[in-house]
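See below for the structure under consideration.
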Amino acid sequence: MDRWTEIRKKVLVEGVSKRQVMDEEGIHWETLKKILVHSQPPGYRMYRERSQPKIGPYLGRIKQILQDDKHVHKKQRHTAKRIFERICSEDG
């Protein structure tokens, strides 16, 4: 974050050329453009939700198992492997 603001300060306030900042910092032109557009690092942005073709039909059942596990002792809760085995035995 400090590097982000320092680069913005160099270019926007001090008037250092973009090419010089790219050479000094060792960053790509697209990165510099992103730094100058956003005052803070934008972070990860997912543009569309990922499809889940394999696990999708079982998500409701998995959520139900995990919800039920909240009311049981910690040692008796399901692991991922046990949930998988349980769904396989129920659905085949």
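The table for this structure:
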| read-out | value |
| --- | --- |
| Per principal axis, descending, Cα span of the range 31-77 in whole Å | 52, 28, 12 |
| Estimated 222 nm signal from helices in the chain, with DSSP H stretches of n ≥ 4 weighted -39500 (n - 2.57), rounded to 500 | -14500 deg cm²/dmol |
| Whole-percent pair-distance distribution, where bins are 10 Å wide, for the alpha carbons of the chain | 12, 28, 12, 11, 19, 16, 2 |
| Peptides 40-52, 15-27, 70-82 ordered by average Cβ neighbours within 10 Å, highest first | 15-27, 70-82, 40-52 |
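We did not get these values from a lab; they are worked out from the coordinates using the rules stated. This structure is a prediction, so every number in the text was calculated from the model and none was measured. Note that each Cβ is placed from the backbone with ideal geometry, even for glycine, and that neighbours are counted across all protein chains shown.
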